[in-house]
Amino acid sequence: MFPVLVDMGFLKLRTYGACMAIGFLACWWLVEKLSGRRDLSNFMVSLMLGGVLGSRIAYVIEHWRSEFAANPLNVFRIDQGGLMFYGGLILSILVFFTWCAIKKERPLALGDFFCTVVPLGHAFGRLGCFFYGCCYGKLSASRFAVRFPRHSPAWYGQIREGLIDSSAGASLPVFPVQLFEAALLLALFAALLFIYLKWRRHTAGAYLIGYAAIRVATETLRGDPRATVLGLSISQAISLTMAAFGALLLAYGQSTRHNRRG
C-alpha cells in the first residue's frame with residue numbers, strides 16, 4: 001500500500017488521484033490518436049467529471065451508515081478514495097447521450113469508439129485502489145495474498161469484523177483483487193482495441209458483456225462490505241443487466257449490418 005505519492009507537508013499528492021489522472025490522460029491521448037479529432041476535449045472532461053461525481057454518489061449511498069453517517073463532511077474527501085465504478089458509468093452514459101443529442105452525433109458509432117478506451121482508464125483506477133487499500137479481497141492463504149498496513153481500509157474492516165484487534169500492525173492476508181481486476185481490464189482493452197481497429201463496430205456491446213463478466217467474477221473475491229440484492233451484490237446485479245443490454249447491442253449491430261447488405 002502506497003497511499004501518498006508526494007508529501008511536501010503543505011501539499012500531498014495521493015497515489016489514488018495520480019492513478020486516476022494518468023488513466024484519464026492516457027484515454028484522452030488515445031481518443032485523439034484514434035479519432036483524429038481535436039473537438040472532443042470538452043466532451044472528455046465532461047465524461048470524466050460525470051464519472052467521478054456518479055462514482056462518489058453511488059459509493060456514499062452504499063456506504064453511508066458505515067463510513068459517512070457519523071461524519072457527513074467526509075463525503076467531500078474524495079482524495080481518500082471511495083468511488084463505485086457503476087455509479088460513474090451510469091452518470092457518464094447520461095452525459096454521453098446528452099452531448100450526442102446536442103451535437104447531433106451518432107450515439108452508437110461514438111459509443112463503440114469510447115467503449116474501446118474505457119477499460120484502459122479503469123485499469124489505472126484499480127491500481128489506485130490497490131495503492132490506497134480500498135476494494136480489498138477476501139482472506140487468502142495463497143502466495144499472492146497481501147497484507148495492508150495499519151489504518152488501511154482492510155485493517156479497519158477486519159477490526160469491525162472481529163478478525164483482528166487494534167493492536168495489529170497489519171491486516172490479515174487478503175487476495176489482491178484490485179490487481180486481478182486491473183489485469184483483466186487491460187486484457188479487455190487489448191481485445192476491444194483489436195475489434196475496433198478491425199471492424200470499427202461491436203465494441204460497445206463487447207465491452208458491456210466483457211466487463212460484466214469480469215465484475216461478476218471479481219465480486220466473488222471481494223472482502224470489503226457489499227450491499228446485496230437477491231443474494232447478489234449490487235454490482236453483480238448491475239453487471240447482469242449490463243450484459244443483457246450488451247447482447248442486445250450486438251444483435252442490433254449485426255441486424256443493421258445485414259439490412260445494409262440486403
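Within segment 75-84, is even one residue farther than 22 Å from Met20 by Cα, of a type outside the set (Asp, Glu) and loosely packed, with under 15 Cβ neighbours inside 10 Å? Outline the logic, then answer.
Taking segment 75-84 as the starting set, the residues that turn out to be farther than 22 Å from Met20 by Cα are none.
No, every residue in segment 75-84 fails to be farther than 22 Å from Met20 by Cα, of a type outside the set (Asp, Glu) and loosely packed, with under 15 Cβ neighbours inside 10 Å.
Can you confirm whether Gly162 is at pLDDT below 90 and more than 21 Å from the chain's Cα centre (by Cα)? Can you show your working first?
Details: at pLDDT below 90: no; more than 21 Å from the chain's Cα centre (by Cα): yes.
Taking the combined requirement at face value, the residue does not satisfy it.
Return the residues of segment 182-214 that are more than 16 Å from the chain's Cα centre (by Cα) and not small (Gly, Ala, Ser); say none if nothing qualifies.
Of everything in segment 182-214, those that are more than 16 Å from the chain's Cα centre (by Cα) and not small (Gly, Ala, Ser) turn out to be Leu192, Leu193, Phe194, Ile195, Tyr196, Leu197, Lys198, Trp199, Arg200, Arg201, His202, Thr203.
Take the residues of segment 222-253 that are polar (S, T, N, Q) and in contact (Cβ under 8 Å) with a residue 24 or more places away in the chain: which is farthest from Tyr86 (Cα to Cα)? It would help to see each step written out before you state the result.
Restricting attention to segment 222-253, the residues satisfying the condition of being polar (S, T, N, Q) are 228, 233, 235-236, 239, 241.
Those still in the list that are in contact (Cβ under 8 Å) with a residue 24 or more places away in the chain too: 235, 239.
On the way: Ser235: 7, Ser239: 9 Å.
Top of the filtered list is Ser239.
Considering (1) out of contact with any helix residue (DSSP H, G or I) (no Cβ under 8 Å at 6 or more places or on another chain); (2) surrounded by fewer than 18 Cβ atoms within 10 Å (Cβ to Cβ), say which one Leu179 fails and leave the rest.
With respect to (1) out of contact with any helix residue (DSSP H, G or I) (no Cβ under 8 Å at 6 or more places or on another chain); (2) surrounded by fewer than 18 Cβ atoms within 10 Å (Cβ to Cβ), Leu179 is out only on (1).
So, of the residues in segment 104-143 that are buried (at least 19 other Cβ atoms within 10 Å of the Cβ) and of a type in the set (Ser, Thr, Tyr), which turns out to be farthest from Tyr156 (Cα to Cα)?
Thr116
Would segment 254-262 turn up any residue that is surrounded by 13 or more Cβ atoms within 10 Å (Cβ to Cβ) and closer than 26 Å to Ser66 by Cβ? Walk me through it before giving the result.
From segment 254-262, those surrounded by 13 or more Cβ atoms within 10 Å (Cβ to Cβ) are 254, 257; that's our starting set.
Now drop any that are not closer than 26 Å to Ser66 by Cβ, which leaves none.
No, segment 254-262 contains no residue that is surrounded by 13 or more Cβ atoms within 10 Å (Cβ to Cβ) and closer than 26 Å to Ser66 by Cβ.
Pull up segment 49-67, narrow it to residues that are within 18 Å of Ser152 (Cα to Cα) and in contact (Cβ under 8 Å) with a residue 24 or more places away in the chain, then point me to the one that is surrounded by the fewest Cβ atoms within 10 Å (Cβ to Cβ).
Per the criteria, the residue is Ser66.
If a residue has to be surrounded by fewer than 17 Cβ atoms within 10 Å (Cβ to Cβ), closer than 30 Å to Trp64 by Cα and basic (Lys, Arg) to count, how many in segment 186-227 make the cut?
So the answer is 1.
The values are calculated or read from the model by the stated rules, or taken from the named source; none is laboratory data. Just so it is clear, the structure is predicted and the values come from calculations on it, not from any experiment. Neighbour counts run over all protein chains shown; Cβ positions are idealised from the backbone, glycine included.
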